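Peer 1: Before we start, here is the structure in question, set down as structure tokens.
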Amino acid sequence: MPRKSKYTRSEIMDHRKQARHRHYRKVKLTIFEYYGKFCACCGESRVEFLTIDHINGGGKSHRKQLKTRGGYGFYTWLMNHGFPDGYRTLCFNCNLSLGAYGYCPHGNVSRGAGQVLEPKEPELPLFVFKGGF
Ligand SMILES: [Zn+2]
Ligand SMILES: [Zn+2]
């Protein structure tokens, strides 16, 4: 048994950080298990790159409403609400491009007016988001 004093404060903080990262990763994996384990646009499947996209936009105001800047708070919200419709998995690149330009240069996804292109994989959940944030 190591003595408590063996660890510096920063080592303890590091340990907590790691535990939080592990938990965060687990939450993300649960989310992508439901919404799709790869980017609906480019097929990126490394979880570090993946994020959840509001199919018809509005993510910013929704996150404001949730008082979270995305990430963990948003993912736990999705889990607590039983994985609501209107979201899909995108990688950061495709998500950012959609947010900034309204399209992705890959040309596989688009945004707005309820228009959603065919997903690459038939088992990907595809929903037209009818509400509005
Ligand atoms: Zn992508
Ligand atoms: Zn793309």
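Peer 1: Using beta carbons and a limit of 8 Å, which pairs, at least six apart or on different chains, have the first residue in segment 30-59 and more than 20 Å from Thr76 (Cβ to Cβ) and the second one within 9 Å of ligand 1 (Cβ to nearest atom) and among the acidic types (Asp, Glu)?
Peer 2: Correct list of pairs: Phe38/Glu44.
Peer 1: Which of the residues spanning segment 1-41 are in contact with a strand residue (DSSP E or B) (Cβ under 9 Å, 6 or more places away or on another chain) and not in a helix (DSSP H, G or I)?
Peer 2: Gly36, Lys37, Phe38, Cys39, Ala40, Cys41
Peer 1: I want to confirm something. Restricting to segment 18-41 and keeping residues that are within 15 Å of ligand 2 (Cβ to nearest atom) and in contact with a helix residue (DSSP H, G or I) (Cβ under 6 Å, 6 or more places away or on another chain), which single residue is nearest to Arg88 (Cα to Cα)?
Peer 2: Step one: list which residues in segment 18-41 are within 15 Å of ligand 2 (Cβ to nearest atom), which gives 36, 38-41.
Still in the list and also in contact with a helix residue (DSSP H, G or I) (Cβ under 6 Å, 6 or more places away or on another chain): 39, 41.
Numbers: Cys39: 8, Cys41: 10 Å.
The residue in question is Cys39.
Peer 1: I need the full set of residues from segment 93-109 which are more than 10 Å from ligand 2 (Cβ to nearest atom) and either over 12 Å from Gly57 (Cβ atoms) or without any contact (Cβ under 8 Å) to a residue 12 or more places away in the chain (or both), in order please. Steps first, please.
Peer 2: In the first step, residues of segment 93-109 are kept if they are more than 10 Å from ligand 2 (Cβ to nearest atom); the result is 99-102.
Result: Ala100, Tyr101, Gly102.
Peer 1: Do you know which residues across segment 74-115 are farther than 15 Å from Tyr35 by Cα, away from ligand 1 (no atom under 11 Å from the Cβ) and of a type in the set (S, T, N, Q)?
Peer 2: Of everything in segment 74-115, those that are farther than 15 Å from Tyr35 by Cα, away from ligand 1 (no atom under 11 Å from the Cβ) and of a type in the set (S, T, N, Q) turn out to be Ser110, Gln115.
Peer 1: Among the residues that make up segment 79-88, is at least one of them modelled with pLDDT of 90 or more and within 16 Å of ligand 2 (Cβ to nearest atom)?
Peer 2: Taking segment 79-88 first, the residues modelled with pLDDT of 90 or more are 79-88.
With within 16 Å of ligand 2 (Cβ to nearest atom) added as a condition, the list becomes 88.
The answer is yes, given that some residue of segment 79-88 is modelled with pLDDT of 90 or more and within 16 Å of ligand 2 (Cβ to nearest atom).
The values are calculated or read from the model by the stated rules, or taken from the named source; none is laboratory data. Fair warning: this is a prediction, and the values are worked out from it, not measured in the lab. In this analysis, Cβ positions are derived from the backbone assuming ideal geometry, glycine residues included, and neighbour counts consider all displayed protein chains.
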